[in-house]
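Here is the structure we will look at.
The values are calculated or read from the model by the stated rules, or taken from the named source; none is laboratory data. Computed from a prediction, not measured in an experiment: that's the story for all the values here. Positions of Cβ are generated from backbone atoms using ideal geometry, with glycine treated the same way; all protein chains shown enter the neighbour counts.
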Amino acid sequence: NNMLAWQRTAFHFQPRKNWMNDPNGPVYYKGWYHFFYQYNPFGAVWGNIAWGHAVSRDLIHWRHLPIAMVPDHWYDINGVWTGSATILKDGQLVMLYTGSTNESVQVQNLAYPADPSDPLLVDWIKYPGNPVLVPPHGVGPKDFRDPTTAWLTPQGKWRFTIGSKVNKTGISLVYDTKDFKTFELLDGVLHAVPGTGMWECVDFYPVSRVMENGLDTSDNGPGVKHAVKTSLDDDRNDYYALGTYDGTTGKWTPDNPNIDVGIGLRYDYGIFYASKTFYDQEKKRRVLWGWIKETDSEAADIQKGWASLQAIPRTIVFDKKTGSNVLLWPVEEVERLRVNRKVFHKVKAKPGSVVSLDVGSTSQLDIMAEFEVDQEALSRINGTNTTYSCTTSNGAAQRGALGPFGILVHTDNDLTEQTPIYFYISKDSLGNLKTFFCADHSRSSEATDVNKAIYGSIVPVLKGEKLSVRILWLRHLL
Ligand code: DQQ
């Protein structure tokens, strides 16, 4: 039944219809969360890119507003592409975005609210002097896009970064400006990583090593680390790394070059791209948006009339326990959707068993599960040398001594469709443990034209920690 595939989501943001891609210019302004996004007003495939616009009081419930900007000038006639918001010292808001020109050259443009006193920011003005930046010498006309939010330098100038590449090296250019109209290109780059290709949608922000709260993009100091994130055009995933930013030189150095930007950590091992954070000055947190492209075929997208979601916004903090990664968590407001709490205690999952939990009839679940591994059994198991991996070890179907265990979601009663989200613990011959967290889509749908990948990664687990899972789940109507 094709209707099943047409069901829309309940947790994740979507426009009413048509194509959507990258999140743009997220910002909190005069009591409202604003969300803009790459949008095709005329169809369910990429093209005619404009900025869709929606507002919310809580990052969960959204009101759709008129399109904020459409391609209507020579400097953005091929698309009003991705950009970011900056709140100036006097509270004014500016947007820098990439325009694809009449000759498909990537340039940067300035836009601002027509009426700054309008909390809904319905009308936008494009600066008459656009474009404000063109590709600098040595940078390809199609390798210059997606300006970040700007931050203040010690000299009181605004600074931001723009992704690019030189040959196969991904780079991020740095500009200083006083007025967002004239700019100075800094010598050198924020960072460069050979072999990573074009850096799209670079994000750059501070995280606190000591405090729980998020930081304004301009914050720096001894208790601060900086994250650089890039979306790799070549492999369509978002990678980040933590390091130190030098406000004087405008350069960033990774803490660990072995897990540098684009070759190490990801925010998400599912489909998650072109992500962007913003500082929420109301709740003093940093919030991450990211685009979920889904994997329906183009034909299916056209048939259903829409394509893509934005993952529910996530709070992002430095992981003080490990010191090596960030932690993401759905914004706390989503918990207000919870009704009808069901608790299951001490459920025993024996090897090879599926335990069903009666949650009654529902269309949406917010699941939190905690797994306690039998430590005694764990210590009895002999280590092996085999290298386990979510993607290449046969997914949830392959049973080992230490897994898989987890939750079967999107499951019908006879288990013909099921998506295991699971842990697998591997032990090497020296007794070292590695904990994998994976999702197996190989049996998730009877449809034949969707991606059925098995993916995941290692998760850091400290001694004595329980393994926990959080799943925001929407029921398939059967
Ligand atoms: N999407 C935009 C670009 C960006 C890409 C165009 C990333 O600005 O580089 O729709 O998905």
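Name the residues in segment 134-158 that are in contact (Cβ under 8 Å) with a residue 40 or more places away in the chain and either surrounded by fewer than 24 Cβ atoms within 10 Å (Cβ to Cβ) or not assigned by TED's automatic domain parsing to the domain that holds Thr230 (or both), would you?
To start, the set of residues in segment 134-158 that are in contact (Cβ under 8 Å) with a residue 40 or more places away in the chain comprises 136, 143-154, 158.
Result: Pro136, Asp143, Phe144, Trp151, Leu152, Thr153, Pro154, Trp158.
Within segment 428-457, track down each residue that is among the aliphatic types (A, V, I, L, M) and surrounded by fewer than 16 Cβ atoms within 10 Å (Cβ to Cβ).
If the condition is that a residue be among the aliphatic types (A, V, I, L, M) and surrounded by fewer than 16 Cβ atoms within 10 Å (Cβ to Cβ), then Leu430, Leu433, Ala447 are the ones that fit.
Among the numbered criteria (1) over 26 Å from Gly140 (Cβ atoms); (2) in contact with a Lys or Arg (Cβ under 8 Å, 6 or more places away or on another chain); (3) assigned to a loop (DSSP other than H, G, I, E, B), which one does His73 miss?
Condition (1) is where His73 drops out.
If you check every pair at least six apart or on different chains, which have Cβ atoms under 8 Å apart with a residue in segment 95-117 that is without any contact (Cβ under 8 Å) to a residue 40 or more places away in the chain first and a residue that is of a type in the set (Lys, Arg) second?
Ser104/Lys142; Val105/Lys142; Gln106/Lys142; Gln106/Arg145; Asn109/Lys126
If a residue has to be outside any loop (DSSP other than H, G, I, E, B) and either free of Cβ contacts under 8 Å to residues at least 12 places away in the same chain or closer than 16 Å to His226 by Cβ (or both) to count, how many in segment 248-274 make the cut?
Summing the residues that are outside any loop (DSSP other than H, G, I, E, B) and either free of Cβ contacts under 8 Å to residues at least 12 places away in the same chain or closer than 16 Å to His226 by Cβ (or both) in segment 248-274 gives 8.
Of all residues in segment 370-393, which are crowded, with 16+ Cβ neighbours inside 10 Å and of a type outside the set (Phe, Trp, Tyr)?
Val373, Ser389, Cys390, Ser393, listed by residue number.
Just one of (1) small (Gly, Ala, Ser); (2) in contact with a Gly (Cβ under 9 Å, 6 or more places away or on another chain); (3) not assigned by TED's automatic domain parsing to the domain that holds Ser275 trips up Ala311, so point out which.
(3)
One residue is enough: does segment 201-224 have a residue meeting the conditions over 30 Å from Asp90 (Cβ atoms), part of a strand (DSSP E or B) and at pLDDT 95 or above?
Looking through segment 201-224, none of the residues is over 30 Å from Asp90 (Cβ atoms), part of a strand (DSSP E or B) and at pLDDT 95 or above.
Go through the residues of segment 53-64 one by one and say whether even a single one is crowded, with 20+ Cβ neighbours inside 10 Å and within 11 Å of the ligand (Cβ to nearest atom).
No, the conditions are met nowhere in segment 53-64.
Which one of these is more than 16 Å from the ligand (Cβ to nearest atom), surrounded by fewer than 21 Cβ atoms within 10 Å (Cβ to Cβ) and either within 22 Å of the chain's Cα centre (by Cα) or not aliphatic (A, V, I, L, M) (or both): Thr217, Thr169? Spell out how you get there, then give the answer.
Details: Thr217 fails: surrounded by fewer than 21 Cβ atoms within 10 Å (Cβ to Cβ).
On inspection, the qualifying residue turns out to be Thr169.
Need a quick list: strands (runs of 3 or more DSSP E) entirely within segment 279-383 having at least 2 residues that are of a type in the set (Lys, Arg).
Working: elements: 285-292, 314-318, 326-330, 364-371.
Where strands (runs of 3 or more DSSP E) fall fully within segment 279-383 and carry at least 2 residues being of a type in the set (Lys, Arg), they are 285-292.
Quick one: would you say Gly243 is farther than 30 Å from Trp19 by Cα, outside any loop (DSSP other than H, G, I, E, B) and free of Cβ contacts under 8 Å to residues at least 60 places away in the same chain?
Spelling it out, Gly243 is indeed farther than 30 Å from Trp19 by Cα, outside any loop (DSSP other than H, G, I, E, B) and free of Cβ contacts under 8 Å to residues at least 60 places away in the same chain.
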